[in-house]
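Read-outs throughout are calculated quantities, based only on the coordinates presented, and are distinct from any laboratory measurement. Nothing here was measured: the structure is a model prediction, and the numbers come from that model. No Cβ is skipped: glycine too gets one built from the backbone with ideal geometry, and neighbour counts run over all protein chains shown.
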Amino acid sequence: MTDLIERGDAERVLTDSRFAVPEADAAATRPMGRFRASSSRFTNGPAHDRRRRRLETLLHTIDTSALAADASSRARWSAASGVDAAEIARHVPVACLAGALGIAAPDDAPRLVADVAASYASGAESDRADAAIDRLLAAAAPATGDGDGESGGAGSDEDAVLLVQLLVQAYAATAALVEGAIRSTGAVAASITTAELLADTLRDDPPVRLTRRVAPDGEMLTLRLDGPDRESGAGRPLRTLAFGAGARACPAPDLALAMAAAIIEELRA
Ligand code: HEM
């Protein structure tokens with residue numbers, strides 16, 4: 001296992017297609033294992049490329065302004081009801097996305113996604129995660145219609161997986177961005193704009209701190225997204241790797257930023 005600490009080194013690996021993601025077990029039989037193996041995140045090659053294209057199509061159906069307006073009103077209502085910032089950061093983005101993607105009972109989604117999140121990242125088996133993923137997939141099924149042939153034969157089952165994957169990917173990262181930005185408000189000038197606060201947080205305190213790749217020789221690499229950047233300096237600011245880089249970079253930075261900004265504006269009000 002090798003750790004790449006420098007942002008430049010991490011970026012070079014992320015943008016080099018010879019480096020693969022560690023794959024989920026394609027023969028998994030438990031619900032969470034099957035979900036991971038059917039997602040884009042733990043798959044390489046043509047399966048990743050096809051799922052990724054479909055994810056982008058699903059994301060394009062979302063109206064960013066309407067999503068941000070929903071995030072504002074949910075955050076305002078929650079804050080007025082005494083819900084704390086950490087709970088708002090965890091609940092609101094997932095509920096907004098679930099609603100925008102046509103998933104049934106969007107307010108139930110954040111709690112179920114919370115049950116899934118740790119197993120999604122690690123692959124650890126868990127009865128609780130299995131029960132939650134079954135419920136999420138059932139809630140996503142009505143949103144998938146009959147499929148349009150683009151999802152490669154699996155039709156609406158594959159779309160349900162990808163819709164739920166969007167919620168799971170959004171959950172911890174967007175919450176960490178909101179929490180990191182709110183934490184830093186105590187240490188910066190009150191005049192800093194929310195956009196500046198978010199940009200600083202993404203650069204200096206990125207929500208996703210590391211990811212992994214397998215080198216062509218089979219070695220496992222840990223890539224830090226929050227490390228130093230020796231190549232930065234005069235005329236070359238510290239690079240931001242918060243959303244990754246290359247063909248597997250986050251497909252939804254605009255949506256993440258729109259929701260995070262809307263929530264933070266309400267929490268700062
Ligand atoms: C501040 C919030 C977010 C951060 C910092 C973040 C960060 C990341 C990073 C670093 C990756 C790449 C991981 C790698 O290359 O190993 C990634 C992938 C991904 N993210 Fe995000 N993300 C955020 C929010 C979201 C949201 C809101 C969505 C969905 C609406 C989303 C959907 C995805 C998906 C589907 C992937 C996998 C892409 C693929 O398999 O090609 N993310 N994200």
Span per principal axis, largest first, for the Cα atoms of the chain (Å): 53, 50, 33
How many angstrom lie between the C-alpha centres of region 4-63 and region 210-269? 16
Using label points projected 7 Å from each Cα along Cα→Cβ, tell me how many nm separate D127 and E87, to one decimal. 2.8
Choose one of T185, H60, A27: the residue whose Cα lies farthest towards the positive end of the charge dipole of the chain (beta-carbon charges +1 Lys, Arg; -1 Asp, Glu; about the Cα centre). T185
Which length gain, in nm to one decimal place, applies between T61 and A187 when the Cα-Cα distance is subtracted from 0.36 nm times their residue separation? 41.6 nm
Using a Förster distance of 30 Å, the FRET efficiency for I5-E265 (Cβ separation, nearest 0.05): 0.30
How large is the Kirkwood hydrodynamic radius of region 187-269, in angstrom, based on all distinct alpha carbon pairs? 14.8
Dipole size in debye (nearest 20) for the chain around its Cα centre, Lys and Arg Cβ +1, Asp and Glu Cβ -1? 300
With R₀ set to 25 angstrom, the calculated FRET efficiency between the beta-carbons of A249 and A195, to the nearest 0.05, is 0.80
Of all DSSP beta bridges in region 2-268, antiparallel share, percent nearest 5: 70
In sequence order, calculated HN-Hα J values of region 250-258 (Karplus, 6.51, -1.76, 1.60; Hz; x Gly/Pro): 3, x, 10, x, 5, 5, 4, 5, 5
Kindly write out, for region 30-47 in residue order, the coupling ³J(HN,Hα) from the Karplus curve 6.51 cos²θ - 1.76 cosθ + 1.60 (θ = phi - 60°), rounded to whole Hz, with x marking Gly and Pro. 6, x, 5, x, 5, 4, 4, 5, 9, 7, 7, 5, 10, 10, 10, x, x, 5
